[in-house]
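Have a look at the structure below, then the notes.
The values are calculated or read from the model by the stated rules, or taken from the named source; none is laboratory data. Because the structure is predicted, anything quoted here is derived from the model rather than measured. With ideal geometry, Cβ positions are generated from the backbone for all residues, glycine too; neighbour counts draw on all protein chains shown.
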Amino acid sequence: MPTLTAIVPQLPSTGLERTSQFYRQKLGFREVGRYPDLLILKWGEQELQFWLTTDATLASMSSCYVRVADIGALYKVYAAVPGLLRSEHALAVRPWGMNEFNIIDPDGNLLKFGEPVAWEPEPGPLPEMPAFT
């Protein structure tokens, strides 16, 4: 029977070199493959791919969720990178039980970093999700 071995996000990029520099220099990824229309990056054993496009609007509608261990430590590392974090995307426990922060890459792709926390949902209707821009 077939076995699922990985799910690899593929995000749009309008410039693979710029994307590679951002993810390597600011986020700590390493480049493991580059082709005319595809960039492959890794962080540890986790893979993230980017496909080349001329449509700059695609990234503003794209996102990737990254689960991490010790999100507080990662947030401190990224907070030390000038201009990387925006105050409206700060580390916070969300109503759905995740401690999260967000980063937007140069093309506009939304990277959501999260770690589960122990929580009890409040009784009643779920709160509305905030808009991330």
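Do we have any residue at all in segment 22-45 that's of a type in the set (Phe, Trp, Tyr), under 25 Å from Glu128 (Cα atoms) and either at pLDDT 95 or above or assigned to a strand (DSSP E or B) (or both)? No, there is no match, as no residue in segment 22-45 is of a type in the set (Phe, Trp, Tyr), under 25 Å from Glu128 (Cα atoms) and either at pLDDT 95 or above or assigned to a strand (DSSP E or B) (or both). Look at (1) at pLDDT 95 or above; (2) polar (S, T, N, Q); (3) not in a strand (DSSP E or B) and you find that Asn99 fails only one, number (3).
Any residue at all in segment 66-82 that's surrounded by fewer than 13 Cβ atoms within 10 Å (Cβ to Cβ) and touching a Lys or Arg at 6+ places or on another chain (Cβ under 7 Å)? So far as segment 66-82 goes, no, none of its residues is surrounded by fewer than 13 Cβ atoms within 10 Å (Cβ to Cβ) and touching a Lys or Arg at 6+ places or on another chain (Cβ under 7 Å).
Looking only at residues in segment 102-113 that are outside any strand (DSSP E or B) and touching a Ser or Thr at 6+ places or on another chain (Cβ under 6 Å), the one that is surrounded by the most Cβ atoms within 10 Å (Cβ to Cβ) is Asn109. One residue stands out in segment 1-26 among those that are under 18 Å from Phe113 (Cβ atoms) and out of contact with any Leu (no Cβ under 8 Å at 6 or more places or on another chain): the one that is surrounded by the fewest Cβ atoms within 10 Å (Cβ to Cβ), namely Ile7.
Residues that are without any contact (Cβ under 8 Å) to a residue 24 or more places away in the chain and in contact with an Asp or Glu (Cβ under 9 Å, 6 or more places away or on another chain) were ranked within segment 35-62; the one that is surrounded by the most Cβ atoms within 10 Å (Cβ to Cβ) is Leu41. Only a single item in (1) within 14 Å of Pro106 (Cβ to Cβ); (2) assigned to a strand (DSSP E or B); (3) aromatic (Phe, Trp, Tyr) is not met by Trp51, and it is number (1).
When segment 42-76 is filtered for residues that are under 18 Å from Lys112 (Cα atoms) and in contact with a Ser or Thr (Cβ under 7 Å, 6 or more places away or on another chain), only Phe50 remains.
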